[in-house]
1. Does Asp146 satisfy the condition of being more than 16 Å from the ligand (Cβ to nearest atom), at pLDDT 95 or above and over 30 Å from Arg303 (Cα atoms)?
2. Of all residues in the stretch 76-86, how many are over 23 Å from Ile263 (Cβ atoms), within 16 Å of the ligand (Cβ to nearest atom) and assigned to a strand (DSSP E or B)?
3. Can you name the residue in the stretch 271-285 that is modelled with pLDDT of 95 or more and within 14 Å of the ligand (Cβ to nearest atom) and, of all such residues, is farthest from Lys101 (Cα to Cα)?
4. Within the stretch 128-147, can one find any residue that is among the hydrophobic types (A, V, I, L, M, F, W, C) and not in a strand (DSSP E or B)?
5. Residues to consider are Val179, Val157, Val175; find the one that is buried (at least 18 other Cβ atoms within 10 Å of the Cβ), out of contact with any Phe, Trp or Tyr (no Cβ under 9 Å at 6 or more places or on another chain) and not charged (D, E, K, R).
6. So Arg622 ticks every box in (1) at pLDDT 90 or above; (2) under 30 Å from Leu518 (Cβ atoms) but one. Which box is left unticked?
Amino acid sequence: MMEEAARERAAYIRKELNRHNYLYYLLDDPEISDAEYDRMMRELVDLEERFPELITPDSPTQRVGARPLEKFTTIEHTIPMLSLENGFDKDEIRAFDHRVKKLLGTDATITYTAEPKMDGTAVELIYEKGLLARASTRGDGFTGEDITANVRTIRTVPLVLLSDPSFPIPGRMEVRGEVFIGLSGFRSLNKQRLEREEAPFANPRNAAAGSLRQLDPRITARRPLEMFCYGVGVVEGADFNTHWEALRILKRLGLRINPLARICRGIESAVEYYREIESERNELPYEIDGVVIKVDDLGLQRRLGKKSRSPRWAIAYKFAPTQESTSVVSIEVQVGRTGVLTPVANLAPVSVGGVVVSRATLHNEDEIAKKDIRRGDTVLVQRAGDVIPEVVKVIESKRTGGEVRFRMPDSCPVCGSEVVRLSGEVARRCINTSCRAQVKERIKHFASKNALDVDGLGDKLVKQLVEKGLVGSYADLFALKRDMICGLERMAEKSADNLLAAMEKSKKTTLDRFVYALGIRYVGQHLANVLARHFGSLERLIGANEEGLLDLKEVGPQVAGSVVAFFGNPENRRNIERLLASGVMPEAMPLLHEPVLAGMTFVLTGTLSSLTRAQAKAQIERLGGKAAGTVSSRTSYVVAGENPGSKLDKARNLGVEIIDEERLKEILGGGSNAS
Ligand code: IVH
């Protein structure tokens, strides 16, 4: 393809991809399948690789994350980014309405726009001639940090504005909004972090703020950030009359607006809106901490003006705080699947944001020492979404002197075995792998949804099975007989049969689930899948040595050591053999391709007869090779198809080996070890 044709094609695909992105993320109404989207994306990546000069900043390929920065530079906001005055009850909100009317010298009903107050972090986007040119944090309100590269990775932020016949794209347009992480994104992010034994984020707001402040945009690209826009700064050439109108235009330009925003005539209607949102709050897929009520008419907004840090035309009507104070009744120590001891506070029950909290994790002994939490203390607890409640701090003024300091036990509180604190780790561990607490947790993990998925094998049942001595390891599960289960609490014959049927069903599984279920340290769902697909079968994985494991990009010495130690342990091997003997069948997985072409560069010229260029390129890349657009002395092979171009001459001049399509297919076919 000639460059001109490539340029046109790239522009077309880019426009289409941006449009489909809008349909998918903003309207939730996709027109094409994910596979089709991926295919177009691959074609664009392909074109841009062959003609790098075609890469534009608005290309959806640029979302993957640019190179790391040394540090953030600062950006001055044209109009300061203000904060909001808070109101906590309806009287304060009515007082706000009175003030507004008084300042405007009117008795007439005021129209407001009310929106959820997102609990994330404020960001300003600057579009120049419709292209996302810069993005910054709020900072001190006057200057913020330049986080353009990070914001580009957020799928719900358009890289280019959609054209709209009723609104010519302004030369410059400043848009403001909140970047946040939704609850499901937050949960999976923290799950991943725990699997890698990294500290989880305390709440979605911290996770969002931390992700935006990464110097390496490739890290940000992997965080599930989203954005809702809630206002504008300078917009050249535009003359909006109302805030509502501005929101509607933003939406038409492809920016994401909270669909719960609403026009409210009169303050009572806004108070009613607050009540509705408050009652829906726990069902929302993201966290909010109140609603924002804004005078809708922009002319009135200008007349009202601002105080030093906040506008007079808006107020945040905040929900009751999700922090409450209560007392620490006791501190107990739980033992996890890998023996880690976790201190947990039993609290005097207290309602926090509508949910009764009676326990809070204290994370580890360093955390307790840092916060100096003692039995009997009055503490501030907080609940972030449906995340585990935690103790924010001790209210020291409430100390009576009778509080008891906490000491981490030297022996396991469940089995009495020795407890060790390995160097470099915060956690103490019980080293007895037959510790009942560990056994229970391992069985729960084995039966969990993403592992063998044994329906009905819940916490209470596992507890009974282990405590009655019926089950000592997950291998014992499949030896359970009907009469053994029937005697248990709340286990009638019917439920026993259901459980046995569920266990029978779980025997048919896939290798990645099976590997995950084994509970190998550091091997979470993702790594289990990588291992399963690399080794293909359980025998091969068991037989792998550290060197073989380290060949994998995702595997470091810690994981490799842990996998080898796990399969080297005779008891683990015996358990696996028993599982297989009782009929558990982890289905082998198709192998990933070995990178046999690593370090080799191919250049394609002319037309291939049996595969498209994109297919050839994909196959080369799957085997670790590169497909380039131009011939150089570093090119390994030039593949000449029908009607080859000038690249062939260049190859001859440089002495690069020229091969035909048949030879290419041999190389591709011979290199694959797919089963
Ligand atoms: S309007 C001048 N609308 O709340 C008023 N702010 O306390 C500008 N926030 O920094 C803010 N959701 O990050 C507005 N729907 C919303 C909001 C919202 C969240 C945040 C914003 C701001 C903070 C002010």
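The values are calculated or read from the model by the stated rules, or taken from the named source; none is laboratory data. These figures come from a predicted structure and were not determined experimentally. Backbone-built Cβ (ideal geometry, glycine too); neighbour counts: all protein chains shown.
1. Details: more than 16 Å from the ligand (Cβ to nearest atom): yes; at pLDDT 95 or above: yes; over 30 Å from Arg303 (Cα atoms): yes.
Here the answer is yes, as Asp146 does meet what is asked.
2. Residues flagged as over 23 Å from Ile263 (Cβ atoms), within 16 Å of the ligand (Cβ to nearest atom) and assigned to a strand (DSSP E or B) within the stretch 76-86 amount to 0.
3. Ile277
4. Residues of the stretch 128-147 among the hydrophobic types (A, V, I, L, M, F, W, C): 131-133, 135, 142, 147.
From the residues that got through so far, the ones that are not in a strand (DSSP E or B) too are 142, 147.
There is at least one residue in the stretch 128-147 that is among the hydrophobic types (A, V, I, L, M, F, W, C) and not in a strand (DSSP E or B).
5. Working: Val179 fails: out of contact with any Phe, Trp or Tyr (no Cβ under 9 Å at 6 or more places or on another chain); Val175 fails: out of contact with any Phe, Trp or Tyr (no Cβ under 9 Å at 6 or more places or on another chain).
One residue alone meets the criteria, Val157.
6. (1)
One line per residue, one yes/no per condition, for (1) on the phi < 0 side of the Ramachandran plot; (2) within 16 Å of the ligand (Cβ to nearest atom):
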| residue | (1), (2) |
| --- | --- |
| Phe72 | yes, no |
| Phe88 | yes, yes |
| Asp97 | yes, no |
| Gly105 | no, no |
| Tyr112 | yes, yes |
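Yes or no, residue by residue, for (1) of a type outside the set (A, V, I, L, M, F, W, C); (2) buried (at least 17 other Cβ atoms within 10 Å of the Cβ); (3) under 25 Å from His526 (Cβ atoms):
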| site | (1), (2), (3) |
| --- | --- |
| Arg405 | yes, no, no |
| Arg428 | yes, yes, no |
| Ile485 | no, yes, no |
| Glu489 | yes, no, no |
